[in-house]
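The values are calculated or read from the model by the stated rules, or taken from the named source; none is laboratory data. As the structure is a computational prediction, the values presented were derived from the model and not from experiment. Cβ coordinates were reconstructed from backbone atoms using ideal geometry, including for glycine residues, and neighbour counts include every protein chain displayed.
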Amino acid sequence: MSELIKVGMADYKVGSNPSSLISYGLGSCVGIALYDTAAKIGGLAHIMLPDSTQARSAENPAKFANTALPLMLDEMIKLGAAKNRILAKIAGGAQMFTFANATDVMRVGERNTEAVRILLKKMDIKLIADDTGGNYGRTVVLHLDTGIYLIKTIAKGEKEL
Amino acid sequence: MSDEILKLSMLQLDALREIGNVGAGNSATALSQIINRKIDMTVPKIAILPLGEVPDVVGGPDAMVAGVYLRVFGPAPSSILFLLPRDSAFYLVDMLMGREQGHTTSLNSMDESALMEIGNILAGAYLNALSHFTSLTLLPSIPALAMDMAGAILSVILIQLGQMGDHALVIETEFTTESDGVKGHFFLIPDPGSLNTILAAIGVKE
């Protein structure tokens, strides 16, 4: 039975065909979709921050890219995915508010995206598509039957990765 | 030291809500004068919520909302975010621009300025109240506006909070006119250390 699995902010979920994984309202956060095309097993992480080692409070590993991704990968492998077949697609990392003199605090979307790219490279996972930046929110759906990563926005319509 | 927000006592929360009420009173007076109509504002609720649940306060992460964001400068640097459901934003804009209710269905740049001005007035009035109680000089930046999914707009402040802990301080604000009301949510997000500075200055530090 096809099921729509919700992934909240600072959370990740894994699943298999024919389910879909959805995360609503990504702003500066990044939605990282991992997918094994052969096994049709995927995972979606909605991370808020790049790095747990720079945070004051790191109780929730799903909040940070560097701690969420390895955990999600492990769960996918437990479900039957093979690491060498897993490909990544990412979306999000917007800057919702624009100030004339944007500080580092405001550019967190950009920093998130950059950190995720570096992390994927380090973990030897190939990034095959992305839709990042801009000043608008995104709702993302990872379809586990096809691996299509659907990006929905209010102002810019829909897009398939 | 994580989640200093969770360690707030009832007394401290009451103090923050009371400042909210005084600030809301000031803003209501200012708004009433601009649109020449009586508006009341109250702070019915102050809540501490897990980050993941904050978007539900404003109708879920994919609900369309208007958000006005300001930075606060001074001895207790903070961020302020004022969120309105889309319909409430249109309602306020119609009221401010002296148009018939239901006229606005999308925002032009004049409407956007009007909404930012509301955010400005609210933040200014709240900070005045806060400055009065704490004797700290707190000044708002110019406002920035976004109209998008609630989760996306909230992520801006949730990420700042997320660096410190997993909970947010939410001050609910309600506007009421003679006929009907609109609900807004006002988020005060002190930078690390600022909450302690504020509470110490009010004199309710444990």
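Return the only residue of B:Leu136, B:Leu161 being surrounded by fewer than 20 Cβ atoms within 10 Å (Cβ to Cβ) and in contact with a helix residue (DSSP H, G or I) (Cβ under 9 Å, 6 or more places away or on another chain).
B:Leu136
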Matching strands (runs of 3 or more DSSP E) fully within segment B:112-206 where at least 1 residues are touching a Pro at 6+ places or on another chain (Cβ under 9 Å), at pLDDT 80 or above and under 18 Å from B:Phe73 (Cβ atoms): none
Test: A:Ile128 is under 21 Å from A:Leu73 (Cβ atoms) and loosely packed, with under 15 Cβ neighbours inside 10 Å: yes
Residue within segment B:26-37 that is touching a helix residue (DSSP H, G or I) at 6+ places or on another chain (Cβ under 6 Å), assigned to a strand (DSSP E or B), more than 14 Å from chain A (Cβ to nearest Cβ) and at pLDDT below 80 present: no
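A quick yes/no check of all residues on (1) more than 30 Å from A:Asp11 (Cα to Cα); (2) in contact with a strand residue (DSSP E or B) (Cβ under 6 Å, 6 or more places away or on another chain):
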| residue | (1), (2) |
| --- | --- |
| B:Phe90 | yes, no |
| B:Gly102 | yes, no |
| B:Thr105 | yes, no |
| B:Glu117 | yes, no |
| B:Phe133 | yes, no |
| B:Ser141 | yes, yes |
| B:Ile159 | no, no |
| B:Ile171 | no, yes |
| B:Phe175 | yes, yes |
Unique residue being of a type in the set (A, V, I, L, M), assigned to a strand (DSSP E or B) and without any contact (Cβ under 8 Å) to a residue 60 or more places away in the chain when the list is A:Ile90, A:Ile128: A:Ile128
Failed criterion for B:Val43 (all others in (1) part of a helix (DSSP H, G or I); (2) closer than 28 Å to B:Phe133 by Cα; (3) touching a strand residue (DSSP E or B) at 6+ places or on another chain (Cβ under 7 Å); (4) away from chain A (no Cβ under 14 Å) hold): (1)
Residues (touching a Ser or Thr at 6+ places or on another chain (Cβ under 7 Å) and touching a residue at least 60 places away in the same chain (Cβ under 8 Å)) located in segment B:75-122: B:Pro75, B:Ala76, B:Pro77, B:Ser78, B:Ile121, B:Leu122
Lone unmet requirement of (1) modelled with pLDDT under 95; (2) within 14 Å of chain B (Cβ to nearest Cβ); (3) buried (at least 16 other Cβ atoms within 10 Å of the Cβ) for A:Ala102: (3)
Subset tally (residues that are touching a Ser or Thr at 6+ places or on another chain (Cβ under 9 Å) and within 23 Å of B:Leu127 (Cα to Cα)) for segment B:36-74: 14
Odd one out for B:Leu70, checked against (1) closer than 18 Å to B:His132 by Cβ; (2) at pLDDT 80 or above: (1)
Considering residues of segment B:95-111 that are among the charged types (D, E, K, R) and either out of contact with any Asp or Glu (no Cβ under 8 Å at 6 or more places or on another chain) or modelled with pLDDT of 85 or more (or both) only, the residue surrounded by the most Cβ atoms within 10 Å (Cβ to Cβ): B:Asp111
Evaluation of B:Gly193 against (1) on the phi > 0 side of the Ramachandran plot; (2) touching a helix residue (DSSP H, G or I) at 6+ places or on another chain (Cβ under 8 Å); (3) within 14 Å of chain A (Cβ to nearest Cβ) (one fails), failing number: (2)
Where A:Ile47 falls short, out of the listed (1) at pLDDT 95 or above; (2) in contact with a Phe, Trp or Tyr (Cβ under 7 Å, 6 or more places away or on another chain); (3) within 20 Å of A:Leu4 (Cα to Cα): (1)
The listed residue being more than 15 Å from the chain's Cα centre (by Cα), closer than 27 Å to B:Lys7 by Cβ and within 14 Å of chain A (Cβ to nearest Cβ), out of B:Leu107, B:Leu70, B:Leu51, B:Leu81: B:Leu51
Test: residue in segment A:75-85 that is surrounded by fewer than 20 Cβ atoms within 10 Å (Cβ to Cβ), away from chain B (no Cβ under 14 Å), within 16 Å of the chain's Cα centre (by Cα) and assigned to a helix (DSSP H, G or I): yes
